[in-house]
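Below is one structure, written out as structure tokens; comments come after it.
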Amino acid sequence: MAILLGSIADDYTGASDLANTLTKNGLRTVQTVGIPDPSLALPDVDAVVVSLKIRSVPAPEAVTAASSAERWLRQRGAGHVLYKICSTFDSTDAGNIGPVTEALSEAAGGGIVLVTPAFPETGRTVYLGHLFVGGQPLNESPLKDHPLNPMHDANLVRVLTRQSHGAVGLIDLTAIAAGPDAVRARLDALRTAGVTLAIADAIFERDLETLGEIALETPMSTGASGLGLGLARAIVRSGRISAGGATTADAMRPVGGLSAIVAGSCSKATLRQLDVAERSMPVLRLDPERLLAGPDEIAAAISWAGDRIATGPVVVAASAAPETVSRLQSLYGREASGHAIETATSIIAAELVERGVKRLVVAGGETSGAAVDRLAIPAFLIGPEIAPGVPVLRTVGNAQGDMLLALKSGNFGGEDFFAAALAMMH
Ligand SMILES: Nc1ncnc2c1ncn2[C@@H]1O[C@H](COP(=O)(O)OP(=O)(O)O)[C@@H](O)[C@H]1O
Ligand SMILES: O=C(O)[C@@H](O)C(=O)COP(=O)(O)O
């Protein structure tokens, strides 16, 4: 069956967030981890989200991986490809939103690309090109302290200009509120002015419905789950969805086994969720300096978890507050410390699975990518939503047998997220 929508996500939590949104808005969706092996049997779906781990890698590497995924999706019939980025526009002046968007656009024949990270359900809105996270401009939000890509500018036209070759313009809310024809007219004007990337404002879902309709008239777009919602609703309105195929119920057959939570996100929401989890589950706070010093801290964590896990879920967390993160980074470097901690948390996750964990929650985008890669999980079916942007996932074609996972974006979920997730995973 040809797919109606293809997507390439720049991290794995982002992929599950988008897959959740597409599912909720009427598209049967599967999430693959990279380009799947041809032998992997995927269900009949309307949309495929290819998860890549390319948010924080050098731009040429991100472009190569995304371009291969785009070719694979087009071969499967995708008429439109959404490059799924973070709703907080996580990137640096080196990329990777600009370089990947420009490469995918060129592969699709050029033209102007709609770009919007708006995701109103989680409080991400864009007005006059400025991104707000809840009530705060991006540069005043907790994203200013992100361990890998601290965000210091809320003006996305400026942010994207710094990481792109082409000219960046703005489709403002006035045009969007006036409806599709006004947006088409604005796009034509920008095109005539030589603009190739257009940041689009969006505050309400109706803005994203308009943008989804327009984006679908082009070969590709770049955005977060809000644009996914707009595209999914436009596809459903077009009447091209057939009955049958994978459902969220298919993802929910119980898997049994033990359960655990591994956290590497240092986001404000995750730090709070860990504090709350401490009231009801054993939580091990890893010592990041010891993690970087050698394997002893990993071995100690596995032994700690092994002593407790048979009687209930355990939490192992590298997460730390911004001051602690900065101190570690000044000693070891930002990328080196981030990478070493991701490796450590992924080893711990894999060892826990070896010891019988079948239900696993991972907090953090990069952290989830490293853990899922180490577990070599090929793909996921999408189950019900735990919190906006976070579904229950069921593995497809997993060598260790079926597992349930939740990959939580750092900033997503209420303060009782971990208990809420496990309560939905049986
Ligand atoms: N204590 C710590 N000090 C420094 N870096 C850390 C610490 N704990 C985790 N990290 C790193 O911070 C990064 C968090 O990114 P990520 O997992 O994507 O979380 P989020 O979803 O919150 O962005 C990862 O690279 C992780 O390894
Ligand atoms: O769009 C979003 O906010 C999320 O889907 C996402 O990509 C978050 O990234 P992480 O916080 O790094 O998981």
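The values are calculated or read from the model by the stated rules, or taken from the named source; none is laboratory data. Predicted model, so just to flag it, every value in this text is computed and none were measured. With ideal geometry, Cβ positions are generated from the backbone for all residues, glycine too; neighbour counts draw on all protein chains shown. Just the protein is used for accessible areas: all its heavy atoms, side chains included, with ligands, DNA and RNA removed. Shrake-Rupley method; radii C 1.70, N 1.55, O 1.52, S 1.80 Å.
Overview of values
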{"item": "Complete set of residues in the range 1-40 that are part of a helix (DSSP H, G or I) and of a type in the set (D, E, K, R)", "result": "ASP17, LYS24"}
{"item": "Total residues in the range 171-200, condition part of a helix (DSSP H, G or I) and open to solvent by less than 20 Å² (accessible area, probe 1.4 Å)", "result": "5"}
{"item": "Residue identified as closer than 28 Å to ARG334 by Cβ, under 22 Å from the mean Cα position of the chain (by Cα) and loosely packed, with under 15 Cβ neighbours inside 10 Å among GLY95, GLY123, GLY134", "result": "GLY134"}
{"item": "Residue pairs meeting the criteria (Cβ under 8 Å; at least 6 apart or on separate chains; first open to solvent by 50 Å² or more (accessible area, probe 1.4 Å), in the range 158-170; second of a type in the set (D, E, K, R) and assigned to a loop (DSSP other than H, G, I, E, B))", "result": "ARG162/ASP93"}
{"item": "Within the range 384-405, considering residues that are in a strand (DSSP E or B) and free of Cβ contacts under 8 Å to residues at least 60 places away in the same chain, the one surrounded by the most Cβ atoms within 10 Å (Cβ to Cβ)", "result": "LEU405"}
{"item": "Residue count for the range 339-361, restricted to those that are over 21 Å from PRO391 (Cα atoms), within 15 Å of ligand 1 (Cβ to nearest atom), modelled with pLDDT of 95 or more and not small (Gly, Ala, Ser)", "result": "6"}
{"item": "Close pairs (6 angstrom Cβ cut-off, 6 or more residues apart or separate chains): within 14 Å of LEU231 (Cβ to Cβ) in the range 109-122, open to solvent by 10 Å² or more (accessible area, probe 1.4 Å) anywhere", "result": "VAL113/SER105; ALA118/ARG124; ALA118/THR125"}
{"item": "Flag for VAL126 being in a helix (DSSP H, G or I) and out of contact with any Lys or Arg (no Cβ under 9 Å at 6 or more places or on another chain)", "result": "no"}
